[in-house]
Amino acid sequence: MARKSRRANIVQEKKEELHISTPIITKRQLATAAYARLSVDKEKNDESIQNQIELLHQYIRENEEYSLVDTYVDDGYTGTDFDRPEFIRLMDDVRTGKIQCIIVKDLSRFGRDLEEVSKYLEKIFPFMQVRFISVNDNYDSISPECDNQMLGIMISN
């Protein structure tokens, strides 16, 4: 019968002594963007850009599955097209994989053109594996009901 090396036992004992407990991550956090847009400056109204940002940040803080990466703000830009500086920067970050989830106050803050908004929600974001959430509309792209729900939300806004 071969002799067992004492060295192997000593190495194993040292490994056990040095074992450091690492935290177990139970949920994967999504790299999240908060996107706010307002056509005109309405500081004295509930629709202020600051109120939008606070609502989005609070939502992200209250839901541990999101990790805020950046806040993108297009203040004073129309929602009828997507030629907005912060929206363009957001999409660049989506393309590079920096952003996995986009959260907006409501779909009208994302855009006012039903056809373009639909294109992003139904084709572009799913293709890029980006989750999209509209807080006040209770819209979450991972929800099975969201396909039928989106059209109703857009028409009512």
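Can you compute the modelled spin-label distance between E145 and D106, with each label point 7 Å from Cα toward Cβ, in nm?
1.8 nm
Stretch S67-N51 to full length: gain in nm at 0.36 nm per residue minus the Cα-Cα span?
Numbers: separation 16, 0.36 × 16 = 5.76 nm, distance 1.98 nm.
Extending this stretch completely gives an extra 3.8 nm.
Compare the peptides 92-99, 50-57 by average per-residue count of other Cβ atoms within 10 angstrom and give them in order, highest first.
50-57, 92-99
Here, each number is a calculation from the coordinates, and none is a lab measurement. The shown structure was predicted, so the numbers you read here are calculated from the model rather than taken from an experiment. FYI the Cβ positions are ideal-geometry reconstructions off the backbone, even for glycines, and counts take in every protein chain you see.
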